[in-house]
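The structure appears below as structure tokens.
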Amino acid sequence: MPQPPVAPRKPTTRSHHGHQVVDDYDWLRNPDDPEVLEYLRAENDFAEAELAHLAPVREALFEEIRGRTQETDLGVAVGLGPWWYYQRSFEGKQYVAQCRTPRRAGEPRPVLSPGVVVAGEQVVVDGNVEAQGSPFYQLGACEVSVCGDLVALAHDRTGDERYDVVVRRIVGGEVVDEALRGVGTDLVWSLDGRHLFYTRLDEAWRPHEIWRHELGTDPAGDVRLLEERDERFWLGISSSRDDRWLIAGAGSKTTSQMWLLDLSTADQQLRPVAPRREGVEYSVEVAGDRLLVTHNADSPDFDLAWAPLDATSHEQWQLCGVREASERILGVEAFTSFSALSLRKDGLTAIRILPHDPGQPTGFGSSYDIVPGEALFTIETGTNLETETRCIQVVTESLVSPRAVWDVDVVTGEWTLLRRQPVLGGYDPQDYEQHREWAIAADGTRVPISVVHRRGIARDGSAPGLLMGYGAYEVPLDPWFSVARLSLMDRGLVVALAHVRGGGEQGRAWYEQGRLRHKITSMTDFLACADRLVEAGWVSGDRLAAEGGSAGGLLVGSAAMLAPERFSGVLAEVPFVDALTTMLDPSLPLTVTEYEEWGNPTDDPDAYADIAAYAPYDLVRSGVRYPAILTTTSLNDARVSYAEPAKWVARLRAVAGAAPRRPPLLRTELVAGHGGRSGRYDVWRQVAWEYAFVLDSVGATELLPGGLAED
């Protein structure tokens, strides 16, 4: 039997609020220490050896994912000016290519075919060419100039989310500029194509400055337009739909401010739309000669208001009154004759069409919602690049229905299917079922659960299951379609999404009840969801695994430490499991910006106690039989340090004592970022590796009879 690596103990002591803590493994935070890299490689070798028996399962999962995917494929063509833009993928290639073909006024959307090059087609950027020689590649931005002759590309080749920018001519590929290095991912063109606007990052990876760069010049001469000194705030930039305005925003977890800049005269300064007010969040959308403002100045679930285009104060905002009680406004997109409001209602997403009517006090006529025909679904606006249209592109999917792109005529209400994600292998949505279930939390709150499984699974408490969760930053875990998930269900798993507090599923209050002093509620909600699945007969109490990534990794890691008997296996991906140590060190990337989510344990003894009560690294106890744990991370992760799961695994081995169901495992990608591997085949292999562990932890590695259909 392979023996797990033993991380040397190198004690350091910290003292806060009367608590003295000895940390044996904080030395693992130094990626420049050769001993650290040696340890991570040893952990990778051990994980491979420990799970070597799953090699056939991993290969089967990979081939199932690949076999259900149309590898040479084509996205929906979207019109912008004289071009149709779309993306292509190719069998055997890791990355997509962004392409375009000429568009003539009055012509319908072109009929394009996978693998068939059309007359006049131009490749804007091919990720396979850009990624050559790089084990990791991420295209952060692909911005075509307003004139259409240049493209600005932001490349990340390590996973650390610092981007190098290259500007090329689309025809011929001539490099025009490659002076910007290590900047943020946001890029905006001036109307004349002479300037690029971009963000610079501080040492904590925070976009804290907005700059203007003239093509072909030394960045030393670039002009800084805005500096954000408050470490809670990140800066971001985008352009209005008509390309006339640069929209800049500064946002913390609770407060925001917006600026505009006229891109037709690039030497202008940014103009604030309204002063910053602590606790007030707002965003703006340019709507012709006015602004649409979504804000929470008067309601925690946000309102929509009109404002003059030259507005400089919130006193100029005029309420539109388009939100109903219990709804949460997410954002708005403006077109010439209507606007599309994105919102949440009844725990799901929604789109409301608001016809423009200047004769009405609100500026809108009678509104109506676009609703898919399923009980559980996700609907969102798609890629809508032009303002002059009577159709809006929307995207729908569910736990059983593949992602679909539609044109919806806002006048007639007619839906036109543009593309549905192909799923090969004889996939039939009728072979699977999705349900809404409810758990009762400790305080009596009803917590929604989305459940999906293969049709015919007996609800008798015998099925294996996987419970997934996130629960932070008001980010919802909405129903989505997954090809990889089919392989789990075809082996009998019941898969469930726990919509715990801290997420955004049911409005701002749902988020507030799972953050700061209330963060532990996310974990207790998750455990209540696990209990409900067992009580309702969906799954066996001895065959339930948990999965979560990043803040979701904290969620499942904490749940496993608080109630290890609930789970047979835990998959924690890039998990935030050493939360207390990280939040006590303001010199670390992102710590200060996270105070409004988790609290400031350095200055606040209550925040210290709160985080210590749920941080998985601090909850490891001796003599406890923990579930099988696989935690994955990336050496260059700029959001959650690889050291967090590395320390957690080391401490679990050293402190837990009692024999676990399997030694905890750590797998580190040595060249990757927060999202793991980059190329699609590499991603599929990573998913297959992780899901083989999940299947093994619940004893369900074999396909059910008829579980995978053939074409």
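The values are calculated or read from the model by the stated rules, or taken from the named source; none is laboratory data. What you are looking at is a predicted structure, and each value in this text was computed from that prediction instead of being measured. Neighbour counts run over all protein chains shown; Cβ positions are idealised from the backbone, glycine included.
Annotations
- Boolean, E278 is surrounded by 15 or more Cβ atoms within 10 Å (Cβ to Cβ) and among the acidic types (D, E): no
- Taken over the range 170-202, the residue count meeting the criterion of being out of contact with any Ser or Thr (no Cβ under 7 Å at 6 or more places or on another chain), part of a loop (DSSP other than H, G, I, E, B) and under 15 Å from G216 (Cβ atoms) is 7.
- Test result for G548, in contact (Cβ under 8 Å) with a residue 12 or more places away in the chain, touching a Gly at 6+ places or on another chain (Cβ under 6 Å), under 17 Å from A628 (Cα atoms) and outside any helix (DSSP H, G or I): yes
- Whichever residue in the range 134-145 is within 17 Å of V123 (Cα to Cα) and of a type outside the set (G, A, S) and, among such residues, is surrounded by the fewest Cβ atoms within 10 Å (Cβ to Cβ): C142
- Matching residues in the range 603-635 - criterion: being farther than 18 Å from H518 by Cα, touching a Phe, Trp or Tyr at 6+ places or on another chain (Cβ under 8 Å) and not small (G, A, S): Y617, V620, P627, L630, T631, T633, L635
- Count - residues of the range 651-666 that are at pLDDT 90 or above and out of contact with any Leu (no Cβ under 7 Å at 6 or more places or on another chain): 6
- All positions within the range 123-138 that are free of Cβ contacts under 8 Å to residues at least 24 places away in the same chain and either within 22 Å of T199 (Cα to Cα) or of a type in the set (G, A, S) (or both): G133, S134
- Matching residues, the range 302-317, being over 15 Å from S240 (Cβ atoms) and surrounded by 17 or more Cβ atoms within 10 Å (Cβ to Cβ): F302, D303, L304, A305, W306, H314, W317
- Qualifying residue in the range 133-143 (condition: modelled with pLDDT of 95 or more, farther than 19 Å from L635 by Cβ and either β-branched (V, I, T) or in a loop (DSSP other than H, G, I, E, B) (or both)): no
- Search result, residues across the range 603-629 that are in contact (Cβ under 8 Å) with a residue 24 or more places away in the chain and part of a loop (DSSP other than H, G, I, E, B): A613, Y614, A615, V620, R621, S622, G623, V624, R625, Y626, P627
- Of the strands (runs of 3 or more DSSP E) lying entirely inside the range 1-115, the ones with 1 or more residues being of a type in the set (S, T, Y) and in contact (Cβ under 8 Å) with a residue 12 or more places away in the chain are found at 12-16, 83-89, 97-102.
- Failed criterion for V165 (all others in (1) under 20 Å from R639 (Cα atoms); (2) part of a strand (DSSP E or B) hold): (1)
- Any chance V408 is touching a strand residue (DSSP E or B) at 6+ places or on another chain (Cβ under 8 Å), aliphatic (A, V, I, L, M) and over 30 Å from G492 (Cβ atoms): yes
- Test: residue in the range 588-602 that is in a loop (DSSP other than H, G, I, E, B), surrounded by fewer than 24 Cβ atoms within 10 Å (Cβ to Cβ) and without any contact (Cβ under 8 Å) to a residue 60 or more places away in the chain: yes
- Per-region count, the range 260-302, residues at pLDDT 95 or above, at positive phi and among the small types (G, A, S): 1
- Only one of the listed residues (E397, E433, E380, E437) is buried (at least 18 other Cβ atoms within 10 Å of the Cβ), modelled with pLDDT of 95 or more, within 27 Å of the chain's Cα centre (by Cα) and charged (D, E, K, R). That residue is E397.
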